[in-house]
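Working notes, beginning with the structure itself.
The values are calculated or read from the model by the stated rules, or taken from the named source; none is laboratory data. Only a predicted model underlies this, so the values are computations on that prediction, with no experimental measurement involved. Positions of Cβ are backbone-derived with ideal geometry, glycine not excepted, and every protein chain shown enters the neighbour counts.
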Amino acid sequence: MAYVTKLQDPMLDELFDAILLLEDQEDCYRFFEDLCTVGELKAMAQRWKVVKMLEENRTYTDIVEETGASTATISRVKRCLHFGADGYLRILQRGMNKKQSTTELLTRKKADDKITE
């Protein structure tokens, strides 16, 4: 079943289609520097860091100290993690799968290297 959002709009569709064309981190920096203000980018990066720290079960105090995010921002992010559109969770899961795949490949390579020694 396709995700249905109340936000769908032709201009947002075009924006997201453009984002999906980004190929690497350099493309992301160039595109988002042109698209967003420095403050907007830093706010998004801060929220993403809050997401990851909440997933690590870090305390609000730790998160505030490390990110400078307000407790209101942390609460909003936490609410989205539990009751949102699952966007954060989908990306976290993909990141974990990618990390796990990389770890598995490195482990196999080390095992292969020992066999060939």
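When the test is whether a residue is closer than 24 Å to Leu21 by Cβ and either surrounded by 14 or more Cβ atoms within 10 Å (Cβ to Cβ) or of a type in the set (A, V, I, L, M, F, W, C) (or both), Phe32 passes it.
Consider Leu54 carefully, then state whether it is in contact with a Leu (Cβ under 7 Å, 6 or more places away or on another chain), closer than 20 Å to Asp86 by Cα and either among the aliphatic types (A, V, I, L, M) or touching a residue at least 40 places away in the same chain (Cβ under 8 Å) (or both).
On the way: in contact with a Leu (Cβ under 7 Å, 6 or more places away or on another chain): yes; closer than 20 Å to Asp86 by Cα: yes; either among the aliphatic types (A, V, I, L, M) or touching a residue at least 40 places away in the same chain (Cβ under 8 Å) (or both): yes.
It is true that Leu54 is in contact with a Leu (Cβ under 7 Å, 6 or more places away or on another chain), closer than 20 Å to Asp86 by Cα and either among the aliphatic types (A, V, I, L, M) or touching a residue at least 40 places away in the same chain (Cβ under 8 Å) (or both).
Can you find a residue in region 22-35 that is in a loop (DSSP other than H, G, I, E, B) and farther than 30 Å from Gly68 by Cα? Yes, there is a match, as at least one residue in region 22-35 is in a loop (DSSP other than H, G, I, E, B) and farther than 30 Å from Gly68 by Cα. When Ala2 is tested against (1) surrounded by fewer than 14 Cβ atoms within 10 Å (Cβ to Cβ); (2) at pLDDT 95 or above; (3) outside any helix (DSSP H, G or I), just one condition goes unmet, and that condition is (2). Return yes when Ala2 is within 20 Å of Arg94 (Cβ to Cβ), without any contact (Cβ under 8 Å) to a residue 12 or more places away in the chain and over 17 Å from the mean Cα position of the chain (by Cα) and no when it is not. Taking the combined requirement at face value, the residue satisfies it.
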